[in-house]
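Have a look at the structure below before the remarks.
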Amino acid sequence: MFVSGFTIARNVLNADYPVKEAIYSILPLCDEIIVAVGKSEDDTLNYIKSFNEPKIKIIETVWDDNLREGGRVLAAETDKAFKAIDDRANWCIYIQADEVLDDRNIDNLKSQMLKYQNDNKVEGLLFDYTHFYGSYNYVADSRSWYRKEIRIVKNLPGIHSWKDAQGFRIDGRKLNVKPAMASIFHYGWVKDPELQLKKLKQARKMWHTDEFLLNEYGDELLFDYNNVDSLKLYSGEHPEVMKPRIKAQNWSFNFDTRKKNLNLKKRLLWFFEKLTGYRLGENKNYKVL
């Protein structure tokens, strides 16, 4: 079994993306990792080169900043990385620059890939998601955050990144997937408030016009983490690759988890989900076999 990893990176230093942690979290599973490095305003390219990891193969790209509608440029760049994988690849693992694989799941993933390698009905594997917010001690638990997404696909013709690179489709239809029996930790909303605002301004250029961003943020200097609908405390372990970054946290964030910024409808749906584990009307970018 040959496994290729792939990801994209651009201006990761300016916005303090944990891209090294992301890449190293999937390294034990991969025979190669393709990193599509977009032309950047910082030293992203040399930073990725400094990893000095023989499995990492860098391709240099130029992002089309005119593809702002729905974040389409992210899917376009993801497809460039996917197309650069080795032809021998049976499975392809995608990781975004602010995502980290839970290292306790490595053996589960290997077992799932071996189990379904020759099952032609299975086109991908579906991961559980934990979205951290504000600090490494809180996770988002409202309907505003997706619970599952595809991060492993087979090397099949027609597979492509979907919309803003949230997931994948094959010739436009949803992929048939099995559970990966593994989790992805999403750290995109955890950093110093000044860097978080800088990151959002940078990232949202891929969705919105300059005028929108000016009206949205004005001359603000810090991101306000308190404007969130619902959080809960996290008491579990973080991946080993994240522990130095967590130890270096230089800001504080405290939130009363009893506080719910939800209207009546969303509050009722939130209670129903907590009681049953079922999310009514959940958007699913996949078909579970």
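Each reported figure results from applying straightforward, stated rules to the coordinates on display, with no laboratory input. Predicted model only: the values in this text are computed from it and were never measured. With ideal geometry, Cβ positions are generated from the backbone for all residues, glycine too; neighbour counts draw on all protein chains shown.
Overview of results
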quantity: Spin-label pair Asn46/Asp128, simplified geometry with 7 Å Cα→Cβ offset, distance in nm; calculated: 4.3
quantity: Separation between Cα centres of the range 209-242 and the range 1-56, rounded to whole Å; calculated: 23
quantity: For the chain, calculated [θ]222 nm from helices alone, where every DSSP H run of n ≥ 4 adds -39500 (n - 2.57); calculated: -7500 deg cm²/dmol
quantity: Per-selection Rg to Rh, the range 66-122 - Cα, Kirkwood hydrodynamic radius; calculated: 1.06
quantity: Peptides 126-137, 166-177, 223-234 ordered by average Cβ neighbours within 10 Å, highest first; calculated: 126-137, 166-177, 223-234
quantity: Relative exposure of Ser183, Ser50, judged by other C-beta atoms within 10 Å (fewest first); calculated: Ser50, Ser183
quantity: Computed label-point distance, nm, for sites Leu289 and Lys163 using a 7 Å Cα→Cβ extension; calculated: 2.5
quantity: Global size of the range 73-173 as Cα Rg and Dmax, reported in angstrom; calculated: 14.6, 42
quantity: Three-way shape label, the range 17-141, alpha-carbon gyration tensor, a/c 1.5; calculated: rounded
quantity: Relative contact order computed over the range 137-256 (Cα-Cα under 8 Å; 6+ residues apart), in percent; calculated: 34
quantity: Proximal lysines relative to Lys55, as straight alpha-carbon distance under 19 Å, when same-chain residues fewer than 8 apart are discounted; calculated: Lys20, Lys80, Lys83, Lys110
quantity: Computed over the range 57-160: relative contact order in percent, which uses C-alpha pairs under 8 Å that are six or more apart; calculated: 30
quantity: The chain: relative contact order as a whole-number percent, Cα under 8 Å and 6+ apart; calculated: 21
